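Enquirer: First the structure, which I've put down as structure tokens, then a few questions once you've had a look.
The values are calculated or read from the model by the stated rules, or taken from the named source; none is laboratory data. In this text the structure is predicted, and so the values were computed from the model without any measurement. All Cβ positions, glycine included, derive from the backbone under ideal geometry; neighbour counts span all protein chains shown.
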Amino acid sequence: MYFLSHFYTELPNENLLFVAALSIPDFATGFTRVYNSHLKHASLPQNENLQQIHRGIVQHYAGDKWFHASPLFTKQVAAAVQFFLNENLNREKLRLSVIAHLAVEMMIDRQIILQQKEVGEKYYECINKVDEKLIHEYFALHSLEVAGQSFFSKFQFFKQKQFLFLFNEIENIVTGLSRIYASATKTEFTEEEKKKFVLALHNIDSGLRYSWQEILNTKL
């Protein structure tokens, strides 16, 4: 599940610390390992503000669990792979199933931006108001200062650029996919591949236009 989808499925909860913490696992490098080895079994902090941060992190993983197991989501990922193949993208060269998984997540966030812009505006309003000193305190409490540095470096960029509103343009999503893929494989998409992904994502967009709410509203 991508950033805005996490927020959307937790509404009406708009606690600033909880909302910001939903993004921690995706921004802090290697955070899932830290979560599984330590935080998953840690006692809830006594401080109420730090509790909200902890609950946001835990809920991120709970949200991903039901979302990724959803037959509606897996159906869209399978369709995305087929759209990629229809554009003659090379399955031997590119991990199309992985790219399709991420693409569908990002494209659902795009639909929220296009159809319910106020949700995106509320999300950025929440994370721009959050008291970041409390998030630093949470990382320090668990001796996770390095993870905290990783989180904040990306979180600041994400806020300043209002990154999710760039999803108005499908080309920007393809650029994002290319960068994420390059970070994992050290290989960016070629310009020809990017053009093919743009065409495929237009087809994915059409499929999600009327189904994204059903996907996000069907918690297992």
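Enquirer: For segment 146-153, check the following and say yes or no: at least one residue is of a type outside the set (Ser, Thr, Tyr), within 19 Å of Tyr2 (Cα to Cα) and in contact (Cβ under 8 Å) with a residue 12 or more places away in the chain.
Expert: Yes: segment 146-153 contains one or more residues that are of a type outside the set (Ser, Thr, Tyr), within 19 Å of Tyr2 (Cα to Cα) and in contact (Cβ under 8 Å) with a residue 12 or more places away in the chain.
Enquirer: When you go through Gln111, Gln46, Gln51 one by one, which is the residue that is in contact (Cβ under 8 Å) with a residue 60 or more places away in the chain and either closer than 23 Å to Lys186 by Cβ or of a type outside the set (Gly, Ala, Ser) (or both)?
Expert: Gln111 is the lone residue from the list that is in contact (Cβ under 8 Å) with a residue 60 or more places away in the chain and either closer than 23 Å to Lys186 by Cβ or of a type outside the set (Gly, Ala, Ser) (or both).
Enquirer: Looking at (1) of a type in the set (Phe, Trp, Tyr); (2) part of a helix (DSSP H, G or I); (3) surrounded by 15 or more Cβ atoms within 10 Å (Cβ to Cβ), can you tell me which one Phe189 breaks?
Expert: For Phe189, the exception is condition (2).
Enquirer: So for segment 84-93 (the condition being touching a Leu at 6+ places or on another chain (Cβ under 9 Å), more than 13 Å from Ala21 (Cβ to Cβ), among the charged types (D, E, K, R) and in a loop (DSSP other than H, G, I, E, B)), does at least one residue qualify?
Expert: Among the residues of segment 84-93, at least one is touching a Leu at 6+ places or on another chain (Cβ under 9 Å), more than 13 Å from Ala21 (Cβ to Cβ), among the charged types (D, E, K, R) and in a loop (DSSP other than H, G, I, E, B), which makes the answer yes.
Enquirer: Would you confirm whether or not segment 196-214 contains a residue that is basic (Lys, Arg), assigned to a helix (DSSP H, G or I) and surrounded by 11 or more Cβ atoms within 10 Å (Cβ to Cβ)?
Expert: Taking every residue of segment 196-214 in turn, at least one turns out to be basic (Lys, Arg), assigned to a helix (DSSP H, G or I) and surrounded by 11 or more Cβ atoms within 10 Å (Cβ to Cβ).
Enquirer: Restricting attention to segment 69-81, which residues are within 18 Å of Glu214 (Cα to Cα) and either without any contact (Cβ under 8 Å) to a residue 40 or more places away in the chain or surrounded by 14 or more Cβ atoms within 10 Å (Cβ to Cβ) (or both)?
Expert: Ser70, Pro71, Leu72, Phe73, Thr74, Lys75, Gln76, Val77, Ala78, Ala79, Ala80
Enquirer: Would you say Ser183 is surrounded by fewer than 16 Cβ atoms within 10 Å (Cβ to Cβ), over 16 Å from Ile24 (Cα atoms), of a type outside the set (Phe, Trp, Tyr) and modelled with pLDDT of 95 or more?
Expert: no
Enquirer: Tell me whether segment 94-104 contains one or more residues that are of a type outside the set (Lys, Arg), surrounded by fewer than 20 Cβ atoms within 10 Å (Cβ to Cβ) and under 13 Å from Asn203 (Cα atoms).
Expert: Taking every residue of segment 94-104 in turn, none turns out to be of a type outside the set (Lys, Arg), surrounded by fewer than 20 Cβ atoms within 10 Å (Cβ to Cβ) and under 13 Å from Asn203 (Cα atoms).
Enquirer: Can you give me the number of residues within segment 82-91 that are surrounded by fewer than 19 Cβ atoms within 10 Å (Cβ to Cβ) and modelled with pLDDT of 95 or more?
Expert: Adding up the residues that qualify gives 5.
Enquirer: Going by the conditions given, is Phe139 buried (at least 18 other Cβ atoms within 10 Å of the Cβ), outside any helix (DSSP H, G or I) and in contact (Cβ under 8 Å) with a residue 12 or more places away in the chain?
Expert: no
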